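Enquirer: Before anything else, here's the structure in question.
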Amino acid sequence: MQATASPAGDTSGVSSGDTQSSARNRPSLWWSSLWAFVGLLAFVGIFNFLLPDLGANLDEAGLIALGLLFSLVPAVLWLVIFYRIDSREPEPKRLVAGVYAVGLLLAAGIYLPILNGVFAVDTWLYQNWWVQLVGEVLVIGMLGMGLVYLAVRATVFDNPEFDERLDGIIYAMAAGLGIGTVINFMYVWQHGGVDLGIGSIRMVTNALGYATFGGVLGYFIGQVRFEKTPVYYLPAGVIVAAFLNGFYFFALDHAARGPFDTAGWRDLLLAGFLAIVALAFVGALVRRSNEETARVSQLSASGDAWVPLPVDASATAPAAVASGAGATGGEDASANPTANTEGAQ
Amino acid sequence: MTMWIERLAKPSPTNEPPTRAEWRRNDLMVGLLVLFALFLAVGVRNQVYNASKSAKVGPSELRIAYPEAWRAQTVKAEEAGNVLVQVINPGSPSLYDTRITVEGRPLRTDESLEKARFDRSIKLATSLPSFRELAAEQMTVYDGRPALVSSYAYVDDPTRATGSNGLPVVVEAQDIMFIDGGQFVVVTLAADAAAWNDEQRNFGIVTNSLKLTPLPEPAATPNVAPTASGAGPASGTVEPAPGAGVPASGTVEPATPAAGKPFSGSQQGSTRVPAATPAGQSEGGD
C-alpha cells in the first residue's frame with residue numbers, strides 16, 4: 001500500500017475519501033467470529049459424533065500422525081477465517097503465512113524450552129488456584145504475548161503492507177496461531193496420540209485462545225505502528241493480552257470437570273464465549289479508532305492541515321510541522337516508515 | 001471506564017506519526033516488561049517450591065519441615081511402632097509414594113549414637129528385602145549435634161497389600177539419625193530409586209529444617225561394623241520392640257517457608273563411602 005501524491009491544496013497526503021472508506025468499520029469481523037465458532041463446532045462434532053471411533057482402529061503411530069494433522073486443522077481454519085476479516089485490503093498470503101511460521105519457530109525454540117525447561121511449570125503451576133492464575137498470566141501469558149509481538153515486529157512491522165491498524169490484528173493473530181499449533185503438537189506428542197473426541201476440543205480451545213488474545217495485542221501493535229503513544233501504552237496492551245490469555249486458560253481448567261465427560265463441550269462453549277467477547281471488544285476498539293482516524297485524517301499535529309513528515313523525521317518533525325512546510329504528500333510509505341498512511345491509496 | 005476506553009482507542013492527542021526511536025523504545029519496554037514478569041514468576045515458583053508445613057517431634061519438640069503439598073499419614077496403632085510422624089507425597093509418579101518418616105525410641109543404657117545406628121542397620125537388613133547399604137557419613141543437625149546419615153536401598157512391593165499385580169519397586173532411602181533428649185531419633189527419606197533425584201528438592205525442605213550440615217573438615221569414617229546385605233533373618237539379633245513410653249506423635253503447624261541451604265550431602269547415590277573402614281578413627285565414637 002503506497003501513499004500517492006496529494007492533489008493540490010490537499011496537504012494531507014491522503015485522499016480523504018479513501019481514508020473515510022478505509023476507516024469504515026469491519027462488520028465482517030462479527031460475522032467472521034460467528035462463522036469461526038460454527039466451523040470449529042463442526043470440526044469437533046465430526047470427530048465426536050460422526051467419526052467417534054476413527055482413532056480406535058489406529059495404532060499409536062497412526063494416532064500420533066492423525067493427531068499431528070489435527071493440530072493444524074483448527075489453526076488453519078482460524079487463519080483462513082481471520083484472513084477474511086481484512087476483506088477490503090487483504091494482506092498478502094505469503095506475509096500472513098510467514099508470520100504464522102515465525103510464530104511456530106519462536107514457540108518451538110523459545111516458548112516451550114522456557115516453559116518446560118527453565119520454569120518446569122508442571123511441577124508447581126497447579127499447586128493451588130492463585131498460583132495457577134498468577135503463573136499462567138506471568139509465564140504463559142506474558143511470554144506468549146511477548147513472542148507474538150516479536151514475531152510481528154521482526155517480520156512485517158516495517159513492511160509497507162502493514163498499512164492499517166487492522167493489519168496488526170491480522171498478523172498478531174497469525175503469530176498467536178503459530179504458537180497455539182506448537183502447543184497442540186506437543187500435546188499430541190507427549191500423550192502418544194490423542195483421543196480424537198477430547199483432543200479435538202482441546203486443540204480448538206488452545207488455538208482459539210492464542211489467536212484471540214494475539215489479536216488483542218495486535219490492536220495495540222496497530223496503534224503504535226501509526227500513532228505516537230505514551231510510553232506505557234504498548235506495555236499496557238501486553239499486560240491486557242497476557243492477563244486475558246492467562247485467565248482464559250485458568251477458566252477453562254477450572255470449568256472442566258474432567259477429560260472424559262461432557263465437560264469438553266462446556267469447555268468449547270466457554271472458550272467460544274470468551275473469544276467472542278474479546279473479539280467484540282477488539283472490534284469496538286477498532287471501530288472507534290477508525291472513526292477517530294477518519295476525523296483527524298485532515299488535521300496536522302497542530303490541528304491544521306496534515307503535513308507528512310520527511311524520512312529523517314525524528315530531529316526535524318517539530319520544525320517541519322510548525323513551519324507548515326510546503327512538503328506535500330506522495331512519499332512512498334515504504335520509504336517513510338513513520339508516515340501515517342493508514343487507508344491511503 | 002469511558003476515559004480508559006478513549007485512551008485505548010485514541011492514545012495520541014495528535015495524529016503525529018511515531019518515529020523509529022519511539023518504535024525502539026516500545027521494543028525495549030516490551031522486553032523489559034516480559035523479563036520482569038518472568039522474574040516475578042521465578043519468585044512465585046520458588047515460593048511454591050519452598051512452601052512447607054512443620055511437625056514438632058521428640059522431647060525437645062524439634063521442628064521438622066516437609067513440603068506443604070504432602071499429606072500426613074495416619075499410621076495404624078499396630079503398625080505404628082516407633083513412628084512419630086509420617087508424611088507422603090500424594091503426587092508421586094511411582095507406585096511407591098515418596099515419604100518422610102520420623103521414628104524415635106528411648107536410648108538404652110550406655111547406648112551411643114553409633115551403637116543405635118548399628119542396631120538399626122541390623123534390623124533393616126533383616127526386615128527389608130534385598131537390603132543394601134550404600135553409604136554412611138557423619139554430619140551435624142540443628143545446633144551442631146552429631147548425626148549419622150546412612151543411605152541404603154531395598155525392594156518394596158507397594159501393591160501387594162491391595163492385591164494388585166504391580167511390579168516391585170527399588171526404594172532408595174536415607175536415614176538421618178541423632179540423639180535428642182535421651183531419645184534415638186531417625187528421620188527417613190524414602191522414594192522410588194528412579195525418582196530419587198527428582199525428589200531432592202522436596203527432601204531439601206526437610207534437611208534444611210534439620211540444618212543438616214556436613215562436618216567442616218574431612219570426616220573420619222565412623223567406626224561402624226559391616227552390615228548384612230540381602231541376608232536373611234538373623235535369629236537373636238533383631239532389636240526387641242521398644243516398650244511403652246514412646247512419645248506420642250508430634251503436632252503439625254501451619255505452612256511456613258523453609259530456610260537454609262539446599263541439602264548438599266553426599267547421599268546422592270553417585271558417591272560411595274564404604275560402610276566399614278578397616279582402620280579409622282571416628283570422632284565421638286563410643
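Enquirer: Would you pick out the residues in the stretch A:223-246 that are modelled with pLDDT under 90 and either touching a Leu at 6+ places or on another chain (Cβ under 6 Å) or part of a helix (DSSP H, G or I) (or both)?
Expert: Passing the criteria: A:223, A:226.
Enquirer: Still on this model: Is it fair to say residue A:103 is farther than 19 Å from residue A:222 by Cα, within 20 Å of the chain's Cα centre (by Cα) and crowded, with 24+ Cβ neighbours inside 10 Å? Walk me through how you get there before you give the answer.
Expert: On the way: farther than 19 Å from residue A:222 by Cα: no; within 20 Å of the chain's Cα centre (by Cα): yes; crowded, with 24+ Cβ neighbours inside 10 Å: yes.
No: the conditions fail for residue A:103.
Enquirer: Still on this structure, I have one more. Find the residue count for the stretch B:123-147, including only residues that are closer than 20 Å to residue B:64 by Cβ and open to solvent by less than 10 Å² (accessible area, probe 1.4 Å).
Expert: Selection size over the stretch B:123-147: 3.
Enquirer: Residue check, residue A:137 against (1) within 12 Å of chain B (Cβ to nearest Cβ); (2) under 27 Å from residue A:287 (Cβ atoms); (3) among the hydrophobic types (A, V, I, L, M, F, W, C), all met but one. Which one?
Expert: All conditions are met except number (2).
Enquirer: Condition first: within 21 Å of residue B:134 (Cβ to Cβ) and not in a strand (DSSP E or B). Can you find one or more residues in the stretch B:160-180 that meet it? Spell out the reasoning first.
Expert: Here is the first cut: in the stretch B:160-180, the residues within 21 Å of residue B:134 (Cβ to Cβ) are B:168-178.
Still in the list and also not in a strand (DSSP E or B): B:168.
Yes, the stretch B:160-180 contains at least one residue that is within 21 Å of residue B:134 (Cβ to Cβ) and not in a strand (DSSP E or B).
Enquirer: Filter the stretch B:169-198 for residues that are closer than 17 Å to residue B:124 by Cβ and open to solvent by 60 Å² or more (accessible area, probe 1.4 Å) and give the result.
Expert: Answer for the stretch B:169-198, where residues must be closer than 17 Å to residue B:124 by Cβ and open to solvent by 60 Å² or more (accessible area, probe 1.4 Å): just B:170.
Enquirer: Let me ask something else about it. Looking only at the stretch A:107-134, filter to residues that are without any contact (Cβ under 8 Å) to a residue 24 or more places away in the chain and more than 10 Å from every other protein chain (Cβ to nearest Cβ); which one of those is nearest to the chain's Cα centre (by Cα)?
Expert: A:109
Enquirer: Can you spot a residue in the stretch A:282-299 that is within 14 Å of chain B (Cβ to nearest Cβ), in contact with a Leu (Cβ under 9 Å, 6 or more places away or on another chain), modelled with pLDDT of 90 or more and assigned to a helix (DSSP H, G or I)?
Expert: No: zero hits.
Okay, residues lined up against (1) within 15 Å of the chain's Cα centre (by Cα); (2) at pLDDT 90 or above:
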| residue | (1), (2) |
| --- | --- |
| B:29 | no, yes |
| B:40 | no, yes |
| B:44 | no, yes |
| B:51 | yes, no |
| B:54 | yes, no |
| B:60 | no, no |
| B:78 | no, no |
| B:85 | yes, no |
| B:107 | no, no |
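Enquirer: Filter the stretch B:14-30 for residues that are in a helix (DSSP H, G or I), of a type in the set (D, E, K, R) and within 7 Å of chain A (Cβ to nearest Cβ) and give the result.
Expert: Step one: of the stretch B:14-30, the residues in a helix (DSSP H, G or I) are B:20-30.
Now restrict to residues that are of a type in the set (D, E, K, R): B:20, B:22, B:24-25, B:27.
Correct list: B:20, B:22, B:25, B:27.
Enquirer: Could I ask something else about it? Inside the stretch B:199-214, can you point out the residues that are touching a Ser or Thr at 6+ places or on another chain (Cβ under 7 Å) and open to solvent by 40 Å² or more (accessible area, probe 1.4 Å)?
Expert: B:213
Enquirer: A further question on this structure: Let me spell it out: the conditions are (1) in contact with a Phe, Trp or Tyr (Cβ under 9 Å, 6 or more places away or on another chain); (2) buried (at least 18 other Cβ atoms within 10 Å of the Cβ); (3) modelled with pLDDT of 70 or more, and residue A:108 meets all of them except one. Which number is the exception?
Expert: (2)
Enquirer: Given (1) surrounded by fewer than 22 Cβ atoms within 10 Å (Cβ to Cβ); (2) within 14 Å of chain A (Cβ to nearest Cβ); (3) more than 22 Å from residue B:153 (Cα to Cα), where does residue B:92 come up short, assuming only one miss?
Expert: (3)
Enquirer: Are any residues in the stretch A:182-194 closer than 11 Å to residue A:70 by Cβ, modelled with pLDDT under 65 and surrounded by fewer than 22 Cβ atoms within 10 Å (Cβ to Cβ), and if so, which ones? Give the steps one after another, and end with the answer.
Expert: First pass over the stretch A:182-194, keeping only residues closer than 11 Å to residue A:70 by Cβ: A:184-185, A:187-188, A:193-194.
Now narrow it down to the ones that are modelled with pLDDT under 65: A:193-194.
Of everything in the stretch A:182-194, just one residue is closer than 11 Å to residue A:70 by Cβ, modelled with pLDDT under 65 and surrounded by fewer than 22 Cβ atoms within 10 Å (Cβ to Cβ), namely A:193.
Enquirer: On the given criteria, is residue A:88 modelled with pLDDT under 90 and basic (Lys, Arg)? Spell out the reasoning first.
Expert: Numbers: modelled with pLDDT under 90: yes; basic (Lys, Arg): yes.
Considered against the rule, which asks whether it is modelled with pLDDT under 90 and basic (Lys, Arg), residue A:88 comes out as yes.
Enquirer: Starting from the stretch A:232-254, keep only residues that are within 30 Å of residue A:266 (Cβ to Cβ), then list their pairs with residues that are of a type in the set (D, E, K, R) and crowded, with 20+ Cβ neighbours inside 10 Å whose Cβ atoms are within a distance under 7 Å, requiring at least 6 positions of separation or different chains.
Expert: These pairs meet every condition: A:246/A:136; A:249/A:136; A:250/A:136; A:252/A:267.
Enquirer: State yes or no: is residue B:91 at pLDDT below 85, more than 29 Å from residue B:180 (Cβ to Cβ) and of a type in the set (Gly, Ala, Ser)? If you could, list the steps in order and put the result at the bottom.
Expert: On the way: at pLDDT below 85: yes; more than 29 Å from residue B:180 (Cβ to Cβ): yes; of a type in the set (Gly, Ala, Ser): yes.
Judged against the criteria, residue B:91 is a match.
Enquirer: Just to check your reading of the model, which residue among B:108, B:117 is farther than 29 Å from residue B:166 by Cβ, open to solvent by 50 Å² or more (accessible area, probe 1.4 Å) and of a type outside the set (S, T, N, Q)?
Expert: Numbers: B:117 fails: open to solvent by 50 Å² or more (accessible area, probe 1.4 Å).
Result of the check over B:108, B:117: B:108.
Enquirer: Let me ask something else. Out of the residues in the stretch B:31-54 that are at the interface with chain A (Cβ under 9 Å from one of its Cβ atoms) and touching a residue at least 12 places away in the same chain (Cβ under 8 Å), state the one that is farthest from residue B:69 (Cα to Cα).
Expert: Filtering first and then ranking leaves B:47.
Enquirer: Separate question: What is the one condition in (1) under 30 Å from residue B:68 (Cβ atoms); (2) part of a loop (DSSP other than H, G, I, E, B); (3) free of Cβ contacts under 8 Å to residues at least 60 places away in the same chain; (4) among the hydroxyl-bearing types (Ser, Thr, Tyr) that residue B:154 does not satisfy?
Expert: Of the numbered conditions (1) under 30 Å from residue B:68 (Cβ atoms); (2) part of a loop (DSSP other than H, G, I, E, B); (3) free of Cβ contacts under 8 Å to residues at least 60 places away in the same chain; (4) among the hydroxyl-bearing types (Ser, Thr, Tyr), the odd one out for residue B:154 is (2).
Enquirer: What single numbered condition from (1) open to solvent by less than 40 Å² (accessible area, probe 1.4 Å); (2) at pLDDT 90 or above; (3) not hydroxyl-bearing (Ser, Thr, Tyr) fails to hold for residue A:163?
Expert: Status for residue A:163: all satisfied but (2).
The values are calculated or read from the model by the stated rules, or taken from the named source; none is laboratory data. Computed from a predicted model, the values in this text were never measured in an experiment. As a convention, Cβ positions derive from the backbone with ideal geometry for all residues, glycine included, and neighbour counts pool all protein chains shown. The accessibility values were calculated without ligands, DNA or RNA, using every heavy atom of the protein model including side chains. Shrake-Rupley method; radii C 1.70, N 1.55, O 1.52, S 1.80 Å.
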